[in-house]
């Protein structure tokens, strides 16, 4: 009987390995967005148009993520504001053109990530929801997930001289990802 149970369990082992899959971020079906309170009365939201990344999902759980954002592609629906945000006071895109995000570990539905902006790396916590897999119109396997949470802009030396009444210190992140299996 022990041999039968052992053989059954050994047969399941490869199945667990097959479940883990690597995906490339599909930019056309993904979005990296944010919002921040302006003058304590309204939110300004925006997103980034150019980014790339890789994810790994194991048993419907995010097990790896690394991504990079081109900060110069910021869009807040105001060209003057977008240009200002790229200045040294904010993102300083000439000196620091990219921001990166990397998963450190998962704890249930919370992920610990390393976020690097302006050469400053901080650990942040984001809520992670994996929606599962499907097939796209080309028959490729895809996975969907969402990351959300808050960071402090001053932790990354963004507009550190701007009072929080004018621009909130808290920035809400909302990242929707669709990945295509490699």
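The values are calculated or read from the model by the stated rules, or taken from the named source; none is laboratory data. What you see is a predicted model; the values in this text were computed from it and never measured. Note: ideal-geometry Cβ built from the backbone for every residue, glycine included; neighbour counts use all protein chains shown.
Side notes on the structure shown:
- Looking across the range 121-139, just one residue is more than 17 Å from the chain's Cα centre (by Cα) and surrounded by 14 or more Cβ atoms within 10 Å (Cβ to Cβ), and that is 133.
- Selected residue [farther than 21 Å from residue 52 by Cα, assigned to a strand (DSSP E or B) and either touching a helix residue (DSSP H, G or I) at 6+ places or on another chain (Cβ under 6 Å) or free of Cβ contacts under 8 Å to residues at least 12 places away in the same chain (or both)] from 169, 178: 169
- Here residue 111 fits the description: in contact (Cβ under 8 Å) with a residue 12 or more places away in the chain, surrounded by 14 or more Cβ atoms within 10 Å (Cβ to Cβ) and closer than 22 Å to residue 181 by Cβ.
- Filter pass, residue 82 being part of a helix (DSSP H, G or I), at pLDDT 95 or above and either in contact with a strand residue (DSSP E or B) (Cβ under 6 Å, 6 or more places away or on another chain) or within 30 Å of residue 182 (Cβ to Cβ) (or both): yes
- Residues that are assigned to a strand (DSSP E or B), crowded, with 17+ Cβ neighbours inside 10 Å, in contact (Cβ under 8 Å) with a residue 24 or more places away in the chain and in contact with a strand residue (DSSP E or B) (Cβ under 6 Å, 6 or more places away or on another chain) occur at least once in the range 151-158.
- Looking only at the range 72-108, and only at residues there that are touching a residue at least 40 places away in the same chain (Cβ under 8 Å) and under 17 Å from the mean Cα position of the chain (by Cα), the one that is farthest from residue 124 (Cα to Cα): 106
- Only one of the numbered conditions (1) more than 18 Å from residue 45 (Cα to Cα); (2) in a strand (DSSP E or B); (3) at pLDDT 95 or above is not met by residue 95, and that is (2).
- Annotation: residue 62 fulfils all but one of (1) under 24 Å from residue 159 (Cα atoms); (2) surrounded by 14 or more Cβ atoms within 10 Å (Cβ to Cβ); the unmet one is (1).
- Just one residue in the set 55, 71 is surrounded by 16 or more Cβ atoms within 10 Å (Cβ to Cβ), at pLDDT 95 or above and more than 23 Å from residue 131 (Cα to Cα); that residue is 71.
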